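Below is one structure; the comments refer to it alone.
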Ligand code: KIV
């Protein structure tokens, strides 16, 4: 008989309450079944099905082309593999900007695909949309500072330094009911100021060491993406080199007739 190990999933209220207990939160992106299984086994607190998949999986220059259908597809794979971590899915560009009604409809699609919460980019200007999502019982994570979906407005992926605006954005998103907030691409002093100002956990990416938690993109963390490496990325392993070496060895063994050997052949 297979032993069923019971795992207690991380819930939205627990994730939110971690700040009051001064527990640092660990978040990583994942986009498919095997990577989500590995992240879950590593006991991260949350897995973000990020629209960063547009760059690191699909090979686009930015996240703009990612569709809601693609996000739902990847969310399904991640949710199927996840037993413990909180699964949060990004609402992609074009799936929530038109109206609160559109945002609610899009978020429902991601929750039906298996996410427990969604993330939307934008501060004060998105507060009403965020509040509409919360009213529809959809937990929402905010995202302020460098918001990659605004790449054309920002004129590129640039560190955001307008402290007062970013603080006001963080406050607006929190007042609208966000249970947590990603802060991206800001000086460490702003990461610290926002973290001190709001009651919900801040999850930093390029926002310094004082946020309540940190998030990294799977491919950056594991050395699987080398198109560009922002300063804030720490590479914890180089799976890119390992993969290249393994594939070259496979190539050589096939060409030289050394694979498959008797141990890989049926009698
Ligand atoms: O899309 C993403 O992966 C994100 C993280 C970088 C926070 O939004």
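Side notes on the structure shown:
- Helices (runs of 4 or more DSSP H) lying entirely in region 32-133 (those with 3 or more residues that are within 24 Å of residue 16 (Cα to Cα)): 33-41, 68-81, 100-112
- Members of region 148-179 that are assigned to a helix (DSSP H, G or I) and in contact with a strand residue (DSSP E or B) (Cβ under 6 Å, 6 or more places away or on another chain): 166, 169, 170, 173
- Region 197-212 - residue that is out of contact with any strand residue (DSSP E or B) (no Cβ under 7 Å at 6 or more places or on another chain) and more than 29 Å from residue 229 (Cα to Cα) and, of those, surrounded by the fewest Cβ atoms within 10 Å (Cβ to Cβ): 199
- Scan of region 12-41 for residues that are more than 20 Å from residue 218 (Cα to Cα), surrounded by 14 or more Cβ atoms within 10 Å (Cβ to Cβ) and away from the ligand (no atom under 16 Å from the Cβ), ordered by number: 12, 14, 16, 17, 18, 19, 23
- Selected residue [in contact with a helix residue (DSSP H, G or I) (Cβ under 7 Å, 6 or more places away or on another chain), in the same structural domain as residue 28 (by TED's automatic domain parsing) and either buried (at least 22 other Cβ atoms within 10 Å of the Cβ) or not in a loop (DSSP other than H, G, I, E, B) (or both)] from 182, 194, 215: 194
- Taking the numbered list (1) under 14 Å from the mean Cα position of the chain (by Cα); (2) within 14 Å of the ligand (Cβ to nearest atom); (3) surrounded by fewer than 24 Cβ atoms within 10 Å (Cβ to Cβ) in turn, residue 79 passes all entries but (2).
- Top-ranked residue in region 155-167 [being surrounded by 14 or more Cβ atoms within 10 Å (Cβ to Cβ) and within 16 Å of the ligand (Cβ to nearest atom); ranked as nearest to residue 232 (Cα to Cα)]: 159
- Some residue of region 232-248 being touching a residue at least 40 places away in the same chain (Cβ under 8 Å), more than 16 Å from the ligand (Cβ to nearest atom) and either closer than 22 Å to residue 36 by Cα or assigned to a loop (DSSP other than H, G, I, E, B) (or both): no
- Filter result for residue 170 (farther than 28 Å from residue 55 by Cα and either outside the structural domain of residue 144 (by TED's automatic domain parsing) or more than 14 Å from the ligand (Cβ to nearest atom) (or both)): no
- Checked against the criterion of being farther than 18 Å from residue 205 by Cβ, more than 15 Å from the ligand (Cβ to nearest atom) and outside the structural domain of residue 153 (by TED's automatic domain parsing), the candidates 6, 106, 99 yield just one match: 6.
The values are calculated or read from the model by the stated rules, or taken from the named source; none is laboratory data. Just so it is clear, the model here is predicted, and its values are computed rather than measured. FYI the Cβ positions are ideal-geometry reconstructions off the backbone, even for glycines, and counts take in every protein chain you see.
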